[in-house]
1. Quick one: length gained pulling residue 43 to residue 15 fully straight, 0.36 nm per residue minus the C-alpha distance?
2. Give me the base-10 log of I(q)/I(0) for segment 190-293 at each q in 0.19, 0.22 Å⁻¹, Debye formula, one uniform scatterer per Cα, rounded to two decimals.
3. Using helices alone, I'd like the mean residue ellipticity at 222 nm for the chain: each DSSP H run of four-plus residues gives -39500 (n - 2.57), total over residue count, nearest 500.
4. Quick check on segment 54-127: take the gyration tensor over C-alpha atoms, sort the square-rooted eigenvalues as a ≥ b ≥ c, and tell me if it's rounded (a/c under 1.5), prolate or oblate.
5. By how many nm would the segment from residue 25 to residue 166 grow when fully extended, if each residue of separation counts as 0.36 nm and the alpha-carbon distance is taken off?
6. Once you have the Cα-Cα distance between residue 285 and residue 173, take 0.36 nm times their residue separation minus that, and quote the gain in nm to one decimal.
7. What value in Å³ per residue do you get for the convex hull of the alpha-carbon atoms in the chain?
8. Could you list, bin by bin from short to long, the percent of Cα-Cα pairs of segment 1-77 in 5 Å steps?
């Protein structure tokens, strides 16, 4: 058995690497094989370590971090036989929550022995992979603000999101876009415009209650521009998993989506980037093997 554990030390505190090493000894101490813990030191390194593991024939590669670390680690595994494992240790852990991966480190590692490799779809937005959600609405705007520093540089986790979300909401001005899906065409001014492969954002918020991560489709979720008090109600329904009850919420299941708009921010699994022009979204069916219960 050959397993590489890729640890983002920024997720979970300075002792995270040591904690993973100790958990690996507890869970795999009596097993024969290679159990290698590697730490990232810069953005992009998780992907390099994952690609190296694929080339060397590792059976499992664990991403020990949040959704961004998972995205970076999983990208080189797409279309290979190497299985992605997850130790949830990020701010939101949306992907791990959607797959019901245990939050405890030992329990997550033991899935190598007790779980199964599940073939999952891979979303593609603007040429980049996403495994949970992607979008170009307020979620992308908030991701960019969070990643740019400020409160998030002082504290990690979900706590900075709440005051930041309120502040950014007050200044956010959505722009109209045109959505094209096969025979469907609509011009909307969305507050949220999210392509969901799994059901969740980070922090437990459910944006796509009916999303199925291996059906060969994504759920395009549209929430129109809304006032302040209505937005408070929306937040409550997202966190309680009842967004489908919110008036104006629309979900469309499709294999391909085109969004026509000007320049702006897009995110893939919470990692924002700037994009000028139309946005193409598609799905690759069951191209990633993920260790789940």
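No lab work stands behind these numbers, since they all come straight from the coordinates. Quantities reported herein were computed from a predicted structural model and do not represent experimental measurements.
1. Values: separation 28, 0.36 × 28 = 10.08 nm, distance 1.91 nm.
Roughly 8.2 nm would be gained on extension.
2. These q points yield log10 I(q)/I(0) values of -1.08, -1.34.
3. Values: 9 runs with 85 residues, N = 293.
Rounded to the nearest 500, the figure is -8500 deg cm²/dmol.
4. On the way: a/c = 1.66, a/b = 1.12, b/c = 1.48.
It comes out oblate by the Cα gyration axes.
5. Working: separation 141, 0.36 × 141 = 50.76 nm, distance 4.32 nm.
Additional length available on full extension: 46.4 nm.
6. Working: separation 112, 0.36 × 112 = 40.32 nm, distance 3.48 nm.
Gain in length upon complete extension: 36.8 nm.
7. On the way: hull volume 34.5 nm³, N = 293.
In the chain, the Cα convex hull volume per residue is 118 Å³.
8. 3, 17, 29, 24, 18, 8, 1
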